[in-house]
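Heads up: the structure comes next, in structure tokens.
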Amino acid sequence: MYSVEKIREDFPILKRKVNGYPLIYLDNAATSQKPQLVIDCIVDYYSNYNANIHRGVHTLSQEATDAYEIARKKIQKHFNIKNSHEVIFTSGTTHGINLVANGFSEILLKGDEILVSAMEHHSNIVPWQMLCERTGAILKVIPMNQEGVLVLSEYEAILSEKTKLVFVNHVSNALGTINPISEIIKKAQDKGAAVLIDGAQSCSHIKPDLQKLNVDFYVTSAHKMCGPTGVGMLYMNEKWGNILPPYQGGGEMIKEVTFKKTTYADLPHKFEAGTPNISGGIAFGSAIDYLNNIGFAEIEKYEMALLSYATNELLKIDDLTIYGTGPDKTSVVSFNIDGIHPYDIGTIVDKLGIAVRTGHHCTQPIMAFYKIPGTVRASFAFYNTKEEIDALVSAVKKAQMMLT
Amino acid sequence: MKIEAIQEDLIDEFSMFDDWMQRYEYMIDLGKSLPIIDESLKTEDRLIKGCQSKVWLNAELKGNQVVFTADSDAIITKGIIAILIRVFSNQKPEDILVANTNFIDEIGLKEHLSPTRANGLVSMIKQLKLYAMAYQAQLKN
Ligand SMILES: Cc1ncc(COP(=O)(O)O)c(C=O)c1O
């Protein structure tokens, strides 16, 4: 039986007060809160077996290396990846994207095309713009409609033999739209293009089967799925792992170094230069265990109930518009009230102990599309409750009263 | 009126409120009563960077005093601007430059002083002082 009360006990931060009110944390799309188990895992590492990995023969180093590699295997299993060496530890989604973009700078030729969706996070636009500047490739945009849903017919129309890469987020952080990535991947690969999926916003809600998706690259951040900040993973299909050049030079990524020539280590170490975030990687593994213990099917069912409750209740407020109204969404509600700046609503709501995000959410193109300065975004996790949504709704009403 | 005296007045006014709601309601009222600046003055170069809401600040020298006018698309931000303008507008550049901003803490708006705060109160104050500095130099020449 799903017990939100019991789950909430796992998260120490949920007990704190903000501005005199109990914290209501509805900014989960920015980062999730951490269960005690994940916090303990980090403390345990530094208290009991902190050592550098993959290099020492001593016991501590062995223990740390084992724990780190077990975490890699947990990630492999969770995302259903064929080989554990196709799991590359990164510092997060942004790092993973830049690593791939850098690799492609040696592959792309002038006139090649890269497609990105109209609902990308800035971290998923800027590296491609830089890549295009370096290579002379052309960036094209897959448009979206008023509901915040990608227009697949337009996607097919701009796909061609010139397309070398397609980059789409699985879920949009500003709108919550779930993109049909399976179809997007297939269509791209039919034209011989590689696909990178940004799973930063989906990974806490949806457990993807990367082998079934047959995707080329997939990136995500641990901190979006109850893990620590500063660690993430890049899945890179073995074929690409051998083709792409390393991103950074340093220790760990080399096989042999002479001053004439260095030969690179095998996957995944080729892409893991330097001492990694060891405790972060290990804690990422325990976060995955934690989520799987609750179960993704359970999480989805619960969050969908929260989403529909929040959507209905918020829509009862006069002059409120929700952005992102497609049929497939994660538990994110992005909204505005006519005539009120989202920043003003966010400020009042924060005074009442409720954390929401306001602004453009690093997606200025989406804001330009709707001709708005930003939105108020409430994003719900499996530890949020209906009572918290009631508190949000009454806080928004209060803000509306004060501000008009 | 001297800057310190205006600041004292503000501290007095805000001391009448016993909770944040009343303070914010007052600030929102101040925002609403702020004279709207001319659309033609809302230009890119008058926009203050570092604000989640848009803030336009215009400065003119009248006699030996700096006159500030400003606007924002967010009402709480406008309230903050209204307070700043009341304190700093129609003052001599040298007085603006030496004035401190402790009163913001004392009227219970300290949270807006955090540099990470997206309303850019800190950027606004910096910009006001930069104008004062420029006019001070101009007056000396
Ligand atoms: C869709 C999407 N992509 C990328 C990122 C960047 O992730 P990180 O900052 O962890 O690298 C985010 C974070 O908000 C996101 O929502």
Note to self: Given the condition under 30 Å from A:Ile372 (Cβ atoms) and either within 13 Å of another protein chain (Cβ to nearest Cβ) or open to solvent by less than 50 Å² (accessible area, probe 1.4 Å) (or both), answer yes or no: does some residue in the stretch B:85-97 qualify?
What the structure shows: yes
Checked A:Val231, A:Val195, A:Val215 against criteria (open to solvent by less than 10 Å² (accessible area, probe 1.4 Å) and within 13 Å of the ligand (Cβ to nearest atom)); the one match is A:Val231
Could you please let me know if B:Asn100 is away from chain A (no Cβ under 14 Å), more than 24 Å from A:Gly359 (Cβ to Cβ) and either open to solvent by less than 10 Å² (accessible area, probe 1.4 Å) or touching a Lys or Arg at 6+ places or on another chain (Cβ under 9 Å) (or both)? no
Checked A:Lys140, A:Lys74 against criteria (within 19 Å of A:Ala188 (Cα to Cα) and either surrounded by 18 or more Cβ atoms within 10 Å (Cβ to Cβ) or more than 18 Å from the chain's Cα centre (by Cα) (or both)); the one match is A:Lys140
Could you say whether any residue in the stretch A:152-173 is touching a residue at least 60 places away in the same chain (Cβ under 8 Å), in the same structural domain as A:Gly136 (by TED's automatic domain parsing) and assigned to a loop (DSSP other than H, G, I, E, B)? yes
>> I'd like to know if the stretch A:68-90 contains one or more residues that are among the aliphatic types (A, V, I, L, M) and farther than 27 Å from A:Trp128 by Cα.
In response: yes
Of (1) buried (at least 23 other Cβ atoms within 10 Å of the Cβ); (2) touching a helix residue (DSSP H, G or I) at 6+ places or on another chain (Cβ under 9 Å); (3) closer than 30 Å to A:Ser279 by Cα, A:Leu165 satisfies every one except (3)
Of the listed residues (A:Thr65, A:Thr31, A:Thr59), the one being within 16 Å of the ligand (Cβ to nearest atom) and either open to solvent by 30 Å² or more (accessible area, probe 1.4 Å) or not assigned by TED's automatic domain parsing to the domain that holds A:Ile299 (or both) is A:Thr31
Of those in the stretch A:87-137 that are touching a Pro at 6+ places or on another chain (Cβ under 7 Å) and not polar (S, T, N, Q), the residue most open to solvent (accessible area, probe 1.4 Å) is A:Glu106
Considering the stretch A:74-105, residues that are part of a helix (DSSP H, G or I) and among the aliphatic types (A, V, I, L, M), and then whichever is farthest from the ligand (Cβ to nearest atom), we arrive at A:Ile75
Residue hits (the stretch A:375-404; more than 24 Å from the chain's Cα centre (by Cα), closer than 12 Å to A:Val356 by Cβ and within 14 Å of chain B (Cβ to nearest Cβ)) are A:Ala395, A:Ala399
Taking the stretch A:336-365 and keeping residues of a type in the set (Lys, Arg) and either more than 9 Å from chain B (Cβ to nearest Cβ) or in contact with a Pro (Cβ under 7 Å, 6 or more places away or on another chain) (or both) leaves A:Arg357
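The values are calculated or read from the model by the stated rules, or taken from the named source; none is laboratory data. Just so it is clear, the model here is predicted, and its values are computed rather than measured. Note that each Cβ is placed from the backbone with ideal geometry, even for glycine, and that neighbours are counted across all protein chains shown. Quick note on the areas: whole protein, heavy atoms, side chains included, nothing else; ligands and nucleic acids left out. Shrake-Rupley method; radii C 1.70, N 1.55, O 1.52, S 1.80 Å.
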